[in-house]
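Chemist: The structure that follows is given in the form of structure tokens.
Every number here is computed from the coordinates shown, using simple stated rules; none is lab data. Just so you know, these numbers come straight off a predicted model, no measurement behind them. All Cβ positions, even for glycine, are placed from backbone atoms using ideal geometry, and neighbour counts span all protein chains on display.
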Amino acid sequence: MAEETLTPPSAADLLDDILDADDTPPPPPDAKGYSLRLSGDKVTVLVDCPDPLAALGHWSQRICDDLEKLEIPNVPSPEIVADLLRDRARPGKNLASVGLITGRPPKHSIDTRLVWAREFFGEGWQVDEQTGRVNYREKVENCAVHRNELLLRVHDARDGVPGVDLFGEKIPVEAPEKTRIRCGKGVTEVQEKGALAYFADLDGRVRFTDGTLSVDEVYQVAGHVGLASGNIHHPGSVTVTGDVLAGSVIDAEGDVVIGGVIEEALVTCGGNLTVGGGILGGDRQIIRAGGNIEAKFINESDVAAGGDIVVAKQISHSRVRSLGSVRVPKGRIAGGTTIALLGIRMGTAGSPGNADTHLTAGIDYTLQAQIDLYEEKIKRLEMSLTPIENALRNAGSEERDLSEGIQQVVECMALKRLRLKEAIALQKSRMNKLQEASGRKAIYHVVIFDEVWSGTTICLGQACTRVKKSIPKPRVVLLREERARVLPLTDENLPPEPPASDHSI
């Protein structure tokens, strides 16, 4: 066989091979993970795409072709799509749900917003955080408010702006829900930037009914105060048509009016307490009023008032204290202790059976507690003064010249001693003035219009007398030569009615 001779390719052949190679398109990028779709509102074209910057020309063209299939008007050119991809993509990163082309999204309306200053109208009952026990007498709601307290801010509603989708269709928006708050009694409306603010005009109980915001000065309870109503805490006045049942609490800063009776309960008020029935009492009952107390009867109760205590029928086996007068003009005080700064008047003192009845007039029952506070302050000041006095005494007894530094220390101690002595003197002066003011205000008399029974002890200030034999006649107890004397009651020695009580001393 003849040997075949290999002829090298010519330059023309090599050129043809190169040209043929350039005409061969490169394989397309992997399309896994690619998608092009419209958002639900047709406002945005969303794209998922493997790193588009790695094959920008390919992806630009493909996206343009797919945009044509979506029949979107005014499809951008591949060059513009490429610019969009460059703006949204990062080298080596894929695109996931990226907005490529957007119409004009709508701006949705904003409804009126009510922002309460705190939780006024909560439902349910308070729970002890440590034990987890539910207190069925204390409701979660806290409607008690004070004057000038912020109640509510109402932020203005805002109208929305319609949008336009990629097909040129208008996207409507719903009108905002606008809430108008009516300003009721006891509430002031203040215009703020973008909002209306509502403030309480008075101490009371906030109420929001049918779009009207009000503050009621009087908290009205139709029926009894008990488990159903929960305990009452109110900065204004309280009116109860029924009874205050055992275990209940009323704490009010104003007047309290009870239509029925007060059982074994805690009732405190800053104003007057009026009880249509009586005060039944019990071991855990405490009744306190900053003003006067009026009731049909007081039985086995702990009662204190900053004003007068007026009872129609009887005070029985109770602890009664008043910074005004105590008056039971047609009834009886029997058993227990009754103390009144401005005198005591009653029909009958004591009762058959030698009941241990103590009546004291002309004493401020709050005075001793106040004196104790002053004495405690004076004691602490004197304890601070003692070591300074000793140090100064020792420094003065040394028979040598003191250095300049020691002399300065001694002068500072002397100044501190002077200030402590001034503070002690001031506390003693205030204490003395308090005692003198109480003494000037005191009225020392006890009037019994009908009879006084044996076993009754009557004190006028510190002067006391005990009735050993019943006296079935009107009597008056007056100070005579610093002694409490039981005298016949006549028109001449009947003390005048005490003035309207003013319990500020």
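Chemist: How high is the relative contact order of the range 354-505, in percent, with contacts defined as C-alpha pairs under 8 Å that are six or more residues apart?
Modeler: Details: 187 pairs, mean separation 42.0, N = 152.
In percent, rounded to a whole number, it is 28.
Chemist: Follow-up. From the phi angles alone, apply the Karplus equation (6.51, -1.76, 1.60; θ = phi - 60°) to the range 305-317 and give each ³J(HN,Hα) in whole Hz, x where the residue is Gly or Pro.
Modeler: 9, x, x, 7, 10, 10, 10, 7, 10, 7, 10, 10, 6
Chemist: Short version: what are the Cα gyration tensor semi-axes of the range 299-352, square root of 5 times each eigenvalue, largest first, in whole Å?
Modeler: Semi-axis lengths for the range 299-352 are 16, 12, 9 Å.
Chemist: Taking H as built 1.01 Å from N, whose amide H comes closer than 5 Å to the amide H of ILE298, not counting residues under 5 places away?
Modeler: Under 5 Å from the amide H of ILE298 lie the amide H atoms of ILE279, GLN314, ILE315, SER316, each far enough along the sequence or on another chain.
Chemist: List the cysteines of the chain that have no other Cys Cβ closer than 4.7 Å: which are they?
Modeler: Taking the Cβ cut-off of 4.7 Å, the unpaired cysteines of the chain are CYS49, CYS64, CYS143, CYS183, CYS269, CYS412.
Chemist: Same structure again: Taking amide H positions as placed 1.01 Å from N in the peptide plane, with prolines and chain starts having none, which residues 5 or more places from LYS185, or on another chain, fall under 5 Å of its amide H?
Modeler: Result for LYS185 returns VAL215.
Chemist: Quick check on packing: order 384-394, 254-264 by the mean number of other C-beta atoms within 10 Å, highest mean leading.
Modeler: Details: 384-394: 12.6, 254-264: 22.0.
With the highest mean Cβ count within 10 Å placed first, the list reads 254-264, 384-394.
Chemist: Collect residues whose amide H, placed 1.01 Å from N in the peptide plane, falls under 5 Å from the amide H of LEU95; neighbours closer than 5 in sequence don't count.
Modeler: CYS49, ASP51
Chemist: Shifting gears a bit: Specify the angular offset, from 0 to 90 degrees and rounded to the nearest 10, of the alpha carbon long axis of helix 367-397 from the longest principal axis of the alpha carbons in the chain.
Modeler: 80
Chemist: Find the relative contact order for the chain and round it to a whole percent, using C-alpha pairs within less than 8 Å whose residues are 6+ positions apart. Present the calculation step by step, with values, prior to reporting the outcome.
Modeler: Working: 1176 pairs, mean separation 35.1, N = 505.
Normalised by residue count, the contact order of the chain is 7 percent.
Chemist: Follow-up. Evaluate the Kirkwood expression for the hydrodynamic radius of the chain, namely the inverse of the mean inverse distance over all pairs of different C-alpha atoms, and round to one decimal in Å.
Modeler: Details: mean 1/r = 0.0308 Å⁻¹.
One over the average 1/r among Cα pairs gives 32.5 Å for the chain.
Chemist: Using alpha carbons only, how many degrees (0 to 90, rounded to 10) separate the axis of helix 11-22 from the longest principal axis of the chain?
Modeler: Orientation of helix 11-22: about 30 degrees from the principal axis.
Chemist: Follow-up. Helix 404-441 against the longest principal axis of the chain: what's the angle in degrees, Cα atoms only, rounded to the nearest 10?
Modeler: For 404-441 against the chain, the angle is about 60 degrees.
Chemist: Still on this structure: Check cross-link reach from LYS93 to the lysines: straight Cα distance under 22 Å, and skip same-chain residues fewer than eight apart.
Modeler: In chain and number order, the partners are LYS32.
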